[in-house]
Amino acid sequence: MQSKIHEKFVSLYGEGGEAYASAGRINLIGEHTDYNGGYVFPGAIDKGIVAEIKLNGTDKVRAYSLDYDAETTFGLNEEDKPKEAWACYIFGVCRETIKRGGKVEGFDTVFAGDVPLGAGLSSSAALESTFAFAINEIFQNGIDKFELAKIGQSTEHNYCGVNCGIMDQFASCFGKAGCLIRLNCKTLEFKYFPFDPEAAGYKLVLIDSCVKHELASSAYNKRRASCENAAAAIRKNHPEVEFLSDAKRVWLEEVRTEIPEEDFLRAEYVIGEVQRVLDVCDALERSDYETAGEMMYQTHFGMSKLYEVSCEELDFLNKLARKMDVSGSRVMGGGFGGCTINLVRKELYQPFVDAAVKDFTAKFGHEPKIYDVVISDGARKL
């Protein structure tokens, strides 16, 4: 990929520039906990975005997307926002850097990615983090990594119309090979935990159902409202509960008759999920991948039956994993389609993948996609 980018860069802009990269991400466990002030447990993966960049001595950015085979030019003022959706990510990063007092001048860039689109691996965060890191390095702005992640998040909010949390950009900026990151979404404290499944005899594989159900955004808002409603009810008895993640299971039980059953079930899932993240972290410190895997199954059950964000295709893949003695499996991401993430012992890997493709295709009429993932470094200069 890097050589193709370089070839195109030289053909468009003359001599080559510097190459930078950042990564997509997985989240092993900790789903729908972010907006509830709980923990998430992501890691950067070996699929991401690579960009070649060189200053051009003007006040304009000339950008070429190899994946879209499209080029655009834009200025660096607010009114210069480009029409192309892909270019808005780069423009947004430039603007958010400038807002923080950073220097940005005109540059040329060619970029491409190998993050599978629509699989919930956060290609947009990888794009933002690549350019946030590169611009910071090139102009020696001295912006710290946390602020680089926030530049990516603000780009989504202000230039791409997505009101996302910080997890994706955080994982993309802070990712470290052989480690997952436990991030407290309330305090933004974080800690690295060892994660090397290969060394322990396991593989991490995503099975992409290639379906996306339309419900997602309205259903997401409803579940968020349920969680806030449950937290508000608990707060009357326990004023220290700022977010649902602060609540104990017994406190939720106290208000069971005061809130709708639906809100109770949503809150029950979230409180359980916050604890599961901590349990998985403890397990990984002991290299206990079987316990970590069992927690993934519990998360899937909660997302399917309590939070109700799974779907027939994902439940089918999860049941197949359980039937074949796969160590861990769950829906990854917001739900209503997308992937399952699976922790598989190496000797079971090929039989499981073969069965998943064969059985899923027979039932649903299309093949799922298989993505092996390795935990890798985040934003960096190549």
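Name the residues in segment 244-258 that are closer than 18 Å to ARG223 by Cα, of a type in the set (A, V, I, L, M) and not in a loop (DSSP other than H, G, I, E, B), would you?
The answer is LEU244, LEU252.
List the pairs whose first member sits in segment 301-317 and is touching a residue at least 24 places away in the same chain (Cβ under 8 Å), whose second member is among the aliphatic types (A, V, I, L, M) and assigned to a helix (DSSP H, G or I), and whose Cβ atoms are under 6 Å apart, counting only residues at least 6 apart or on separate chains?
Qualifying pairs under 6 Å: LEU306/LEU265; VAL309/MET303; SER310/MET303.
Table: residues versus (1) surrounded by 14 or more Cβ atoms within 10 Å (Cβ to Cβ); (2) out of contact with any helix residue (DSSP H, G or I) (no Cβ under 7 Å at 6 or more places or on another chain); (3) over 18 Å from ASP288 (Cα atoms); (4) at pLDDT 90 or above.
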{"site": "CYS185", "(1), (2), (3), (4)": "yes, no, yes, yes"}
{"site": "PHE195", "(1), (2), (3), (4)": "yes, no, no, yes"}
{"site": "GLU198", "(1), (2), (3), (4)": "no, yes, no, yes"}
{"site": "LYS203", "(1), (2), (3), (4)": "yes, no, no, yes"}
{"site": "ASP208", "(1), (2), (3), (4)": "yes, yes, yes, yes"}
{"site": "ALA216", "(1), (2), (3), (4)": "yes, yes, yes, no"}
{"site": "TYR220", "(1), (2), (3), (4)": "yes, yes, yes, no"}
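Determine whether TYR64 is among the aromatic types (Phe, Trp, Tyr) and open to solvent by 70 Å² or more (accessible area, probe 1.4 Å).
When the stated conditions are applied, TYR64 does not pass them.
Can you find a residue in segment 350-366 that is open to solvent by 20 Å² or more (accessible area, probe 1.4 Å), touching a Cys at 6+ places or on another chain (Cβ under 8 Å), of a type outside the set (Phe, Trp, Tyr) and not in a strand (DSSP E or B)?
yes
Evaluate the following for ALA19: is it part of a strand (DSSP E or B) and farther than 30 Å from GLU242 by Cβ?
Yes; evaluated as a whole, the condition is true for this residue.
Could you look through segment 284-325, keep only residues that are open to solvent by less than 10 Å² (accessible area, probe 1.4 Å) and β-branched (Val, Ile, Thr), and pick out the one that is farthest from ILE29 (Cα to Cα)?
VAL309
Consider GLY120 carefully, then state whether it is touching a helix residue (DSSP H, G or I) at 6+ places or on another chain (Cβ under 7 Å), part of a loop (DSSP other than H, G, I, E, B), within 30 Å of LEU278 (Cβ to Cβ) and in contact (Cβ under 8 Å) with a residue 60 or more places away in the chain.
No.
Does VAL309 qualify as being among the β-branched types (Val, Ile, Thr), touching a His at 6+ places or on another chain (Cβ under 9 Å) and part of a loop (DSSP other than H, G, I, E, B)?
Spelling it out, VAL309 is indeed among the β-branched types (Val, Ile, Thr), touching a His at 6+ places or on another chain (Cβ under 9 Å) and part of a loop (DSSP other than H, G, I, E, B).
Would a scan of segment 93-107 turn up a residue that is modelled with pLDDT under 95, acidic (Asp, Glu) and open to solvent by 10 Å² or more (accessible area, probe 1.4 Å)?
No, the conditions are met nowhere in segment 93-107.
Looking only at segment 81-89, decide whether some residue is under 21 Å from MET332 (Cβ atoms), in contact (Cβ under 8 Å) with a residue 12 or more places away in the chain and crowded, with 22+ Cβ neighbours inside 10 Å.
No, the conditions are met nowhere in segment 81-89.
Say we look at segment 143-165 and pick out the residues that are charged (D, E, K, R) and more than 14 Å from the chain's Cα centre (by Cα); which of these is surrounded by the fewest Cβ atoms within 10 Å (Cβ to Cβ)?
ASP144
Just checking, how many residues over segment 130-141 are open to solvent by 70 Å² or more (accessible area, probe 1.4 Å) and either over 12 Å from GLU18 (Cβ atoms) or among the hydroxyl-bearing types (Ser, Thr, Tyr) (or both)?
1
Does THR109 meet the test of being assigned to a helix (DSSP H, G or I) and of a type in the set (S, T, N, Q)?
No, not satisfied.
Filter segment 47-96 down to residues that are outside any loop (DSSP other than H, G, I, E, B), farther than 30 Å from VAL373 by Cα and of a type in the set (D, E, K, R), then give me how many there are.
9
State which residue is modelled with the lowest pLDDT when the search covers only segment 222-243 and only residues that are among the aliphatic types (A, V, I, L, M) and either under 24 Å from SER304 (Cβ atoms) or part of a strand (DSSP E or B) (or both).
So the residue we want is ALA225.
Return yes or no: is TYR297 without any contact (Cβ under 8 Å) to a residue 40 or more places away in the chain, of a type in the set (Ser, Thr, Tyr) and touching a Gly at 6+ places or on another chain (Cβ under 8 Å)?
Answer is yes for this residue.
Could you list, ordered by first residue, the pairs with Cβ atoms under 7 Å in which the first is in segment 51-62 and at positive phi and the second is open to solvent by less than 80 Å² (accessible area, probe 1.4 Å) and in a loop (DSSP other than H, G, I, E, B), at least 6 apart or interchain?
GLY57/GLY106
Which of (1) surrounded by 13 or more Cβ atoms within 10 Å (Cβ to Cβ); (2) part of a loop (DSSP other than H, G, I, E, B) is the odd one out, the single condition ASN342 does not satisfy?
That leaves (2) as the condition not met.
The values are calculated or read from the model by the stated rules, or taken from the named source; none is laboratory data. Since we're looking at a predicted model, the values are computed, not measured. Every residue, glycine among them, receives a Cβ derived from its backbone with ideal geometry; neighbour counts consider all protein chains shown. Just the protein is used for accessible areas: all its heavy atoms, side chains included, with ligands, DNA and RNA removed. Shrake-Rupley method; radii C 1.70, N 1.55, O 1.52, S 1.80 Å.
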